[in-house]
Amino acid sequence: MHPFDAPQPPKLALMLGYAGLVPFVTGALGIWVTPEGWRELVLAALLDYAAVILAFMGAIHWGLAMRAESTDEQAQMQLGLSVVPPLLGWLAISGGMPTSLALPLCLVAFGGLYAADLRAVKLGLAPQWYPRLRRPLTLVVCLSLLLAWASVLLR
């Protein structure tokens, strides 16, 4: 069986993916337990990391699309859409956007990325195991962003 057709993600991909959740989880929880004077710093660090990961995930889709035939219109659309997540991350952190808007923007961006992940698998651009990796990671990221957003809305 070709690794692209494997039903389960490689163990290294799982381990690295779960390790990448540490800043999301610790940031989201840290906002609730950190002394008041440090909360803005923790929130900014969480948003910065979210923007970095949005750029990373956009780059993955760029790479997946580049593997396809240059005449494949679906892959070309995937290539064009791959620049949206980093732009949304940049927008969330660069222009002084209130965190009450930046957090849901990142949340929507990660939801859109998951939809793009599923589309990439359907088009044959991403391996069959990719949703098994991305689903739990996206769930934890989105829950972390929701928890952080709740702290902003409730304080």
Somewhere in the range 49-59, is a residue part of a helix (DSSP H, G or I), at pLDDT 95 or above, more than 16 Å from CYS142 (Cα to Cα) and aromatic (Phe, Trp, Tyr)? yes
Subset of the range 28-41 (residues that are under 18 Å from GLY96 (Cβ atoms) and not acidic (Asp, Glu)): ARG39, LEU41
Quick one: in the range 20-45, which of the residues that are touching a residue at least 24 places away in the same chain (Cβ under 8 Å), of a type outside the set (Phe, Trp, Tyr) and under 23 Å from ILE60 (Cα atoms) is surrounded by the most Cβ atoms within 10 Å (Cβ to Cβ)? PRO23
Out of (1) assigned to a helix (DSSP H, G or I); (2) without any contact (Cβ under 8 Å) to a residue 12 or more places away in the chain; (3) more than 29 Å from LEU154 (Cα to Cα), the one GLY17 does not meet is (2)
Can you name every residue in the range 60-119 that is without any contact (Cβ under 8 Å) to a residue 40 or more places away in the chain, assigned to a helix (DSSP H, G or I) and of a type in the set (Val, Ile, Thr)? ILE60, VAL84, VAL108
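So for the range 117-132 (the condition being touching a Gly at 6+ places or on another chain (Cβ under 9 Å) and either surrounded by 18 or more Cβ atoms within 10 Å (Cβ to Cβ) or closer than 26 Å to ALA28 by Cα (or both)), does at least one residue qualify? Outline the logic, then answer.
The first filter runs over the range 117-132 and keeps only residues touching a Gly at 6+ places or on another chain (Cβ under 9 Å), leaving none.
No, there is no match, as no residue in the range 117-132 is touching a Gly at 6+ places or on another chain (Cβ under 9 Å) and either surrounded by 18 or more Cβ atoms within 10 Å (Cβ to Cβ) or closer than 26 Å to ALA28 by Cα (or both).
The values are calculated or read from the model by the stated rules, or taken from the named source; none is laboratory data. Just so it is clear, the structure is predicted and the values come from calculations on it, not from any experiment. Glycine also receives a Cβ, built like all others from the backbone with ideal geometry; neighbour counts cover every protein chain displayed.
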